[in-house]
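Q: Have a look at this one before I ask anything.
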Amino acid sequence: MLSTGLRRALTAHSLTGHRVYQLGPALLTVTLDAAHAQALAVLLAARRALPHQPPALEDELHWGAGPAETAAAALAVALAAYGPGTYARVLASGQVTAGLSPTVTAQVTGALNARPAPAAGPSRPRRRGLGNGWKGIDADR
């Protein structure tokens, strides 16, 4: 199923908090917050094998209008390189939603799976300084 593959690819790249819906056989939607939509646009635009397509005029109007609008415009441009019929819009909640055809979904999932996932670092940053074992001068009294 296309939605399951896309969910796994998004999660592998730490794009959590997403919602993927299969709306019939011809449309799949992805809803992300603005920061994750921007990160997805960067991941998809980094694929150099795709020919550059200029952004549509309606996308250019949203650049710089706010974080969600800018993320939606960047995602729309990145998705347009994968095929026609894709879109990215801002919802009233401030989240970004993108619509993909099944063909584009397969291509996007393949592109995300081809990129290495970020290395999982420690769950919390390492402390600097004296460390956990230091007890001070009066420790022996």
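The values are calculated or read from the model by the stated rules, or taken from the named source; none is laboratory data. Just so it is clear, the model here is predicted, and its values are computed rather than measured. Neighbour counts run over all protein chains shown; Cβ positions are idealised from the backbone, glycine included. Heads up: the accessible areas ignore ligands, DNA and RNA and are worked out on the full protein's heavy atoms, side chains in. Shrake-Rupley method; radii C 1.70, N 1.55, O 1.52, S 1.80 Å.
Q: Using beta carbons and a limit of 9 Å, which pairs, at least six apart or on different chains, have the first residue in region 13-30 and outside any strand (DSSP E or B) and the second one of a type in the set (Asp, Glu) and surrounded by 11 or more Cβ atoms within 10 Å (Cβ to Cβ)?
A: Gly17/Asp33; His18/Asp33
To keep it simple, each residue is scored yes or no on (1) modelled with pLDDT of 90 or more; (2) more than 20 Å from Leu15 (Cα to Cα).
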site	(1), (2)
Ala41	yes, no
Ala65	no, yes
Thr70	no, no
Leu79	yes, no
Gly83	no, yes
Arg89	yes, no
Ala98	yes, no
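Q: So which residues in region 88-107 are open to solvent by less than 50 Å² (accessible area, probe 1.4 Å) and either of a type in the set (S, T, N, Q) or in contact with a Phe, Trp or Tyr (Cβ under 6 Å, 6 or more places away or on another chain) (or both)?
A: Hits for region 88-107 are Gln95, Thr97, Gly99, Ser101, Val104, Thr105.
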